[in-house]
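**Student:** First, the structure itself, so that you have it in front of you.
Bear in mind these aren't lab numbers, they're just calculated from the coordinates by the rules spelled out. What you are looking at is a predicted structure, and each value in this text was computed from that prediction instead of being measured. Please note: Cβ atoms are built from the backbone with ideal geometry, for glycine as well, and neighbour counts cover all protein chains shown.
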Amino acid sequence: MFPLLSNVFNEIADYLAYMFSKFAELSPSAIAIVAALAITGIGGIFFLRKSKDVRFSTKMLVYASMSIALAFVLSYIRLYKMPQGGSVTPGSMLPILLFAYIFGPIPGILTGIAYGFLQFIQDSYLVHWAQLLFDYPIAFGMLGLAGINRKNFVLSSSIAIFGRFVMHFLSGIIFFADSAGDQHVVLYSLGYNGTYLVAEYVICIVIAMLPPMKDLVNRLQRTADLEMNR
């Protein structure tokens with residue numbers, strides 16, 4: 001019996017050694033893709049477990065549809081357009097951020113993912129199937145993180161937009177390295193994606209901090225809280 005167990009353990013050890021030797025042969029880009037997909041998968045499991053606790057009312061779905069529609073319309077008004085995707089608009093992310101802030105992260109993430117697919121249909125820049133996931137549904141789904149802290153819009157929006165930036169930043173490193181030229185790919189991706197997202201972030205925050213907008217958001221949040229606590 002013991003020789004049999006020894007043979008089994010030896011075969012397992014040989015297989016693991018073979019597997020890790022193949023993993024070492026992967027390029028940094030491939031490793032980054034695997035890691036990102038693993039993180040997304042773990043986040044997806046957590047997301048599915050938490051989503052069972054969320055009640056999706058008719059009013060919430062109506063607000064989600066309105067937020068997506070308004071964001072989609074604003075995304076067509078481009079103050080500046082980047083050559084490989086991304087643009088500065090008059091706050092096209094704001095409706096998604098506000099929806100997440102009012103109704104919470106799970107509805108916000110779902111709404112952001114839906115909006116991300118619309119963005120892909122509207123003006124896609126596709127070089128790889130995995131890049132589609134990074135730059136569209138996952139990146140815009142990150143805007144739903146604005147619902148994590150429903151007491152401080154600036155903080156929660158900063159987290160959400162940073163999450164979107166991270167996805168575009170990784171996409172730039174992995175899929176657009178050839179566009180960097182003589183510049184280091186990390187600095188290239190940082191500068192490219194930071195340029196328009198910082199401008200978008202400032203526009204969204206300035207609009208959201210206007211007194212009429214703050215009053216509207218506070219009223220909607222109180223209404224949403226009452227409905228969710230029924």
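**Student:** Evaluate E = 1/(1 + (r/R0)^6) for LEU187 and LEU226, where r is the Cβ-Cβ distance and R0 equals 45 Å; express this FRET efficiency to the nearest 0.05. Each step should come with its number before you reach the end.
**Tutor:** Details: r = 49 Å, r/R0 = 1.08.
With a Förster radius of 45 Å, E is 0.40.
**Student:** Something else: Where Lys and Arg each count +1 and Asp and Glu each count -1, what net charge lies around ARG164 among other residues with Cβ under 13 Å from its Cβ? Could you put the intermediate results ahead of the total?
**Tutor:** Values: positive: none; negative: ASP135, GLU200.
With Lys, Arg at +1 and Asp, Glu at -1, the neighbours total -2.
**Student:** Evaluate E = 1/(1 + (r/R0)^6) for ILE77 and MET213, where r is the Cβ-Cβ distance and R0 equals 25 Å; express this FRET efficiency to the nearest 0.05. Kindly include the intermediate steps, with their values, before the conclusion.
**Tutor:** Details: r = 18 Å, r/R0 = 0.71.
Between ILE77 and MET213 the formula returns 0.90.
**Student:** Determine, from the Cβ-Cβ distance of VAL198 and MET66 and an R0 of 30 Å, the FRET efficiency 1/(1 + (r/R0)^6), rounded to the nearest 0.05.
**Tutor:** Details: r = 27 Å, r/R0 = 0.90.
Using R0 = 30 Å, I get an efficiency of 0.65.
**Student:** Evaluate the distance, in nm, between pseudo-label points positioned 7 Å from the Cα of ALA177 and of GLN84 along their respective Cα→Cβ axes.
**Tutor:** So the two model labels end up 1.2 nm from each other.
**Student:** Taking all pairs of different Cα atoms in region 54-228, averaging 1/r and flipping that mean, what Kirkwood radius in angstroms comes out?
**Tutor:** Values: mean 1/r = 0.0615 Å⁻¹.
Computed over Cα pairs of region 54-228, the Kirkwood hydrodynamic radius comes out at 16.3 Å.
**Student:** Tell me whether region 68-139 comes out rounded, prolate or oblate; compute the Cα gyration tensor, take square roots of the eigenvalues as a ≥ b ≥ c, and use a/c under 1.5 as the rounded threshold. Mind dumping the intermediate values first?
**Tutor:** On the way: a/c = 2.36, a/b = 1.24, b/c = 1.90.
Note, shape of region 68-139 comes out oblate.
**Student:** Semi-axes of region 172-218's equivalent ellipsoid from the Cα gyration tensor, sqrt of 5 times each eigenvalue, largest first, rounded to whole Å? It would help to have the intermediate numbers written out before the result.
**Tutor:** Working: eigenvalues 255, 15, 6 Å².
Ellipsoid half-lengths, sorted descending, are 36, 9, 5 Å.
**Student:** Which peptide among 180-187, 169-176, 66-73, 113-120 comes first, and what is the full order, when sorted by highest mean count of other Cβ atoms within 10 Å?
**Tutor:** Numbers: 180-187: 11.6, 169-176: 22.5, 66-73: 17.5, 113-120: 19.5.
Top of the packing list down: 169-176, 113-120, 66-73, 180-187.
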